[in-house]
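Remarks on the structure that follows.
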Amino acid sequence: MYIFNLMGMWLSGRKKKVAVVAGVLALGVAGGAAYYMLDTDQKSGPSKIYSEYTLIAIEDDQPILYYYDLKGENASPIQEGVITGNMEAYDFEALTIAPDGSVFIVNNDSTTKLYRIDVSELDGNPNTPVGATFIGDTGISVIDGAKVCSLRFIDGQLYGVGNVSKILYKFNLTYGYAREVTKLKVSGHFRVDGLTQGADGQIYLLRSRSKNSELWKFKNFFKGEIVKVLVIEGSRKAEAISSHIDGFIYVSDDERLFKIDPKTYNITVDKVHGYDIEGMDFWKVN
């Protein structure tokens with residue numbers, strides 16, 4: 001066994017991988033830094049590694065699952081492992097975490113396909129694969145922007161929004177097929193790349209733009225009525241969003257992680273990471 005400071009690792013720069021040869025077990029904190037133990041014989045459960053300040057994330061064209069520790073000093077995401085499964089293409093566009101801790105992702109090739117990653121696959125060891133189980137084809141064609149680039153569990157049900165079709169879908173968790181709920185009541189070109197529910201129950205949308213993406217919210221979820229909250233000044237094409245239990249909303253473009261206070265409209269840059277994050281969600285399971 002070995003002891004090391006995970007937050008002091010060599011994960012700097014874009015798309016670099018962590019080379020760790022063992023499972024990771026949480027050990028303690030000293031001098032403001034988290035320390036961990038390497039165990040070459042056992043895997044660790046996510047409860048030993050993740051906390052309420054952990055963001056699970058995925059890149060666009062990289063079959064790799066990552067996680068951030070927002071309380072750590074390391075700006076870059078840490079590799080959880082390479083995603084394996086019956087996938088013909090790697091075009092990951094969305095990620096969310098179910099109430100039981102399993103991770104749901106979509107992979108877009110000719111159609112949007114839904115996958116589940118069980119909690120048992122999350123071990124903090126980048127050398128072990130992360131197995132993704134194919135749930136089913138949603139039946140949504142990626143042609144003409146109908147593909148899904150946002151996922152979120154809301155009141156125990158899985159929803160997503162078509163990238164530019166503006167259609168709100170509800171997904172069957174057993175077979176993967178999608179049912180159209182409504183269409184967003186907004187005119188003109190409107191690209192949706194994120195969906196989240198705030199700590200107060202408010203449901204938000206991330207409108208992605210090449211410059212200064214926007215945060216919107218639902219006035220009526222099932223009728224598709226939405227209103228703009230704010231412009232994320234300084235952001236580029238933001239494509240991932242998640243809400244924390246402390247009330248803040250986090251948004252990521254391909255360089256930075258923004259922290260938003262939806263009450264005061266204050267926006268700060270929490271981390272500069274340099275990764276093309278397409279989907280992320282906070283770990284919520286004890």
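The values are calculated or read from the model by the stated rules, or taken from the named source; none is laboratory data. Please read these numbers as outputs of a predicted model, since none were measured by experiment. As a convention, Cβ positions derive from the backbone with ideal geometry for all residues, glycine included, and neighbour counts pool all protein chains shown.
For the stretch 34-93: of the residues being exposed (fewer than 15 other Cβ atoms within 10 Å of the Cβ) and within 17 Å of G274 (Cα to Cα), which is modelled with the lowest pLDDT?
Among those residues, the one meeting the criterion is E73.
Taking D193 as the residue in question, decide whether it is touching a Cys at 6+ places or on another chain (Cβ under 7 Å) and of a type in the set (D, E, K, R).
On the way: touching a Cys at 6+ places or on another chain (Cβ under 7 Å): yes; of a type in the set (D, E, K, R): yes.
The answer is yes for D193.
Any residue at all in the stretch 46-57 that is touching a strand residue (DSSP E or B) at 6+ places or on another chain (Cβ under 7 Å) and assigned to a helix (DSSP H, G or I)?
yes
Checking V231 against (1) farther than 20 Å from E93 by Cβ; (2) in contact with a Phe, Trp or Tyr (Cβ under 7 Å, 6 or more places away or on another chain); (3) not acidic (D, E): exactly one of these is not met. Which one?
Just one mismatch for V231, condition (2).
Assess whether V181 counts as being in contact with a Leu (Cβ under 6 Å, 6 or more places away or on another chain), closer than 22 Å to V106 by Cα and part of a strand (DSSP E or B). Outline the logic, then answer.
Details: in contact with a Leu (Cβ under 6 Å, 6 or more places away or on another chain): yes; closer than 22 Å to V106 by Cα: yes; part of a strand (DSSP E or B): yes.
So V181 fits the description; yes.
Given the conditions (1) buried (at least 19 other Cβ atoms within 10 Å of the Cβ); (2) under 24 Å from Y53 (Cα atoms); (3) without any contact (Cβ under 8 Å) to a residue 24 or more places away in the chain, report the number of the one that F218 does not fulfil.
F218 satisfies every listed condition except (2).
From the list Y250, Y275, which residue is crowded, with 16+ Cβ neighbours inside 10 Å, in a loop (DSSP other than H, G, I, E, B) and in contact with a strand residue (DSSP E or B) (Cβ under 9 Å, 6 or more places away or on another chain)?
On the way: Y250 fails: in a loop (DSSP other than H, G, I, E, B).
Checking each option against the conditions leaves just Y275.
Step by step: first the residues of the stretch 258-272, then only those that are among the aliphatic types (A, V, I, L, M) and modelled with pLDDT under 95, then the one that is surrounded by the fewest Cβ atoms within 10 Å (Cβ to Cβ). Which residue is that? Before the answer, list the steps.
Here is the first cut: in the stretch 258-272, the ones among the aliphatic types (A, V, I, L, M) are 260, 267, 269, 272.
Okay, now just the ones that are also modelled with pLDDT under 95, so 269, 272.
Values: V269: 12, V272: 10.
In this case the residue turns out to be V272.
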